[in-house]
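Values quoted throughout were computed directly from the atomic coordinates according to the rules given, and no laboratory measurement underlies them. Source: prediction; values computed, not measured. Because the Cβ atoms are built from the backbone with ideal geometry, glycine has one as well, and the counts that use them run over all protein chains shown.
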Amino acid sequence: MKIIVNGAAHDTAATTLAGLLDELGHGQAKIATAVNEAFVPAAMREKQTLTMGDRIEIVAPRQGG
Amino acid sequence: MPIFYETEVNSRLMLGTAQYPSPAILAQAFKRSGAGIATVSVRREAGGERAGQDFWDLIADLGVKLLPNTAGCHSVREAVTTAQMARELFDTPWIKLEVIGHADTLQPDPFGLVEAARILTDDGFQVFPYCTEDLVLCDRLIKAGCRVLMPWGAPIGTGLGLNNVYGLRSLRAHFPDVPLVVDAGLGLPSQAAQAMELGYDAVLLNTAVAKAGDPATMAEGFARALDAGRLAFEADPMEPRDMAAPSTPILGKAFLA
């Protein structure tokens, strides 16, 4: 299934957001997620199913001003 | 010391964490400045990358409170989603809300800012809005639930100081009980001292320290200027006047002409 991850095209076998994060190797990393511009809390990642064309954002802490 | 949303901090300096030459210099700058709050952000991370965890470990060691931002967001939706992701990552209801309205000046979008502030406040956030010194905008932000205001001194990263001293003084006078922070545009400690002399509660800066030749020394310079400016404010400064007035008594001067 073709989706967009952090702005880049990605072909995934995962059916849920949690599955996608495993597939991408995030493991237990300190990240937060959004699907189609809406925040998805960590506790909801298992239930968040993926649909073709979904836009996924995966972010982590960074320097800021 | 300033109180933000019932939390007292031990410094009038809020310091950014971006653009330092190295993590070690960042840590030195925080140590020498005594800053009580660090601003942070969220950015994309690829699988297997450890940048997020490494940065998290670094800031955890600083022992300061964290203020995540929504830097670079140009729409309400984007800012709200970014804030929600930041709350989960940094485990804090505090958010420095930026809704940028102009690409060249990075001026806040006042309309989007008020809308986003209301949405986030209703969602339980404690919003620190990056705003202009416009009185009407600030009034609307307070009505939207903000209990801190963070007007710019000058556009982000310019180092131009306090561009509108009249407007900032006016804001202080109109909102005597709201914590006010000059956020952005400061380049020198003297400008931070000036903000303190106006009665501002704190300043937030990043580039002025991070881009100095010696960031840690500049950080300490800002800390001392904030102390000096605050003392001046508390000491009730003299009124300026146009005419000269001798400070040494005339009476008793020897007649030598």
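Annotations
- Scanning residues 5 or more positions from residue B:97 or on other chains, those with amide H under 5 Å from its amide H are B:128, B:130, with H placed 1.01 Å from N in the peptide plane.
- Straight-distance candidates among the aspartates and glutamates for linking to residue B:31, with alpha-carbon spacing under 13 Å and chain neighbours fewer than 8 residues away dropped: B:61, B:220.
- For chain B, a simple Cβ point-charge model (Lys and Arg +1, Asp and Glu -1, everything else neutral) yields a dipole of about 400 debye relative to the Cα centre.
- Projecting the Cα atoms of B:165, B:35, B:179 onto the charge dipole of chain B, computed from C-beta unit charges around the Cα centre, puts B:165 farthest toward the positive end.
- Result for chain B in a Gaussian network model with C-alpha springs under 10 Å: among B:228, B:144, B:173, the largest mean-square fluctuation is at B:173.
- Tilt relative to chain B, helix B:76-90 - C-alpha long axis, 0 to 90 degrees, to 10: 90 degrees
- For region A:2-59: rounded, prolate or oblate by the Cα gyration tensor [a/c cutoff 1.5]: rounded
- J(HN,Hα) series, region A:28-42, from Karplus relation 6.51 cos²θ - 1.76 cosθ + 1.60, nearest Hz, glycine and proline x: 9, 4, 7, 9, 10, 9, 9, 10, 6, 6, 10, 4, 10, x, 3
- Total charge dipole magnitude, the protein assembly as shown, about the Cα centre, Cβ charges on Lys, Arg, Asp, Glu only, Debye to nearest 20: 400 debye
- Taking every DSSP bridge with both residues inside the protein assembly as shown, close to 45 percent are antiparallel.
- Signed unit charges on C-beta, dipole axis of chain A, positive-most listed residue A:1, A:19, A:60: A:60
- Overall, region A:2-59 carries a charge dipole of about 100 debye about its Cα centre when +1 sits on the Cβ of Lys and Arg and -1 on the Cβ of Asp and Glu, all other atoms neutral.
- Cα gyration tensor category, rounded, prolate or oblate, for the protein assembly as shown with a/c compared to 1.5: prolate
- In nm, spacing of pseudo-spin labels at residue B:231 and residue A:8 (7 Å Cα→C-beta vector): 5.4 nm
- Cβ-based exposure ranking for A:46, B:6, B:239, in which fewest neighbours within 10 Å come first: B:239, B:6, A:46
- Projected label distance in nm at residue B:105 and residue B:50, using a 7 Å step from Cα toward the beta-carbon: 4.5 nm
- A simple spin-label model places the labels of residue B:25 and residue B:7 2.9 nm from each other, with each point 7 Å out along Cα-to-Cβ.
- Gyration tensor verdict on region B:3-235 (Cα atoms; rounded if a/c is under 1.5, prolate if a/b is larger than b/c, oblate otherwise): oblate
- Inter-chain Cβ neighbour average for residues A:4-14, partner chain, 10 Å: 1
- In a DSSP loop and with at most 10 other Cβ atoms within 10 Å, there are no chymotrypsin sites (Phe, Trp or Tyr not before Pro) in region B:1-45.
- Relative contact order of chain A, defined on C-alpha pairs under 8 angstrom at six or more residues apart (%): 43 percent
- Whole-number percent relative contact order across chain B, with pairs defined as alpha carbons under 8 Å at least 6 apart: 19 percent
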